[in-house]
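Below you'll find the structure, written out as structure tokens, and then a few comments.
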Amino acid sequence: MQDQIDNPGRTRWRRFAAMMVPATAAVGAILFGTQSGAIASDITVSGQTFKIGAERLEGDGFKQYGGIVKEKNGKVHPVALSEISSAELYKLCQSVRADLPGLPVVLTINAGDDKPATAKDLLIGMDSLGGNATFTNIRIGRDATDLNTSAQAGSFGQDAQHVTIRDLEQVSRYTTAATFNLTGLRLKVNVGDAAKGKECF
């Protein structure tokens with residue numbers, strides 16, 4: 001994750017676009033929409049990204065459109081916003097770097113090994129998304145305001161009845177949900193040598 005922060009040229013929109021084929025042009029539309037000021041979120045983000053991985057995600061009521069999030073210092077980050085009405089995540093992993101001076105620290109959360117973690121009304125603001133995706137009844141190129149009234153009129157949106165993503169790798173800036181059930185939750189603070197290789201990917 002840190003190399004993505006330190007090296008903006010390594011942003012993973014290309015992987016995101018590849019996964020969303022035939023929506024390659026649509027990703028460009030998302031970026032254009034955010035650059036023109038679409039969807040200024042009222043959530044103030046930390047400025048630090050975190051990683052989410054899963055063996056498989058199954059989601060009903062998928063929507064996606066462009067957005068912007070801001071830090072307290074006013075710095076703006078364009079993001080892809082994904083809404084999922086209900087989601088199941090198998091072998092969920094979440095990790096965040098929390099290094100101290102001279103001391104590597106990685107916080108990890110794991111869940112959903114035996115039974116999937118579940119979420120309702122999931123909203124994700126992400127920098128990048130990778131995996132192998134299958135969409136059911138996808139509609140690409142919708143006006144984003146038909147998906148979320150807070151979006152900018154005329155900006156790009158897409159939705160699908162159902163989405164399956166295998167080998168999910170996602171770099172996010174925030175996640176919200178009405179309910180999030182983490183079955184078999186395991187939280188661990190990995191410090192020093194124990195932090196090496198503990199990020200989700």
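Per residue, what accessible area does region 80-152 have, given a 1.4 Å probe and all protein chains present, in Å²?
Details: 3430 Å² over 73 residues.
About 47 Å² of surface per residue is accessible.
Starting from the 7 Å offset along Cα-to-Cβ, what nm value, one decimal, do you get for the label separation of VAL76 and ALA194?
4.3 nm
Pull up the cross-link candidates among the aspartates and glutamates for LYS70, meaning alpha carbon to alpha carbon under 14 Å and not fewer than 8 places away within one chain.
In chain and number order, the partners are ASP42, ASP127.
Once neighbouring chains are kept in place and the probe is 1.4 Å, which whole percent of the accessible area of region 99-158 is contributed by carbon and sulfur?
Numbers: 1460 of 2990 Å².
It is 49 percent, rounded to a whole number.
In straight Cα distance, which lysines are under 23 Å from LYS120, not counting same-chain residues fewer than 8 positions off?
LYS51, LYS63, LYS91
If each of LEU185 and THR44 carries a label point 7 Å out from its Cα toward its Cβ, how far apart are those two points in nm?
Here the modelled spin labels are 2.6 nm apart.
The values are calculated or read from the model by the stated rules, or taken from the named source; none is laboratory data. Since the structure is predicted, the reported quantities are computational estimates derived from the model, not experimental observations. As a convention, Cβ positions derive from the backbone with ideal geometry for all residues, glycine included, and neighbour counts pool all protein chains shown. Protein only, heavy atoms only, side chains kept; ligands, DNA and RNA dropped before computing areas. Shrake-Rupley method; radii C 1.70, N 1.55, O 1.52, S 1.80 Å.
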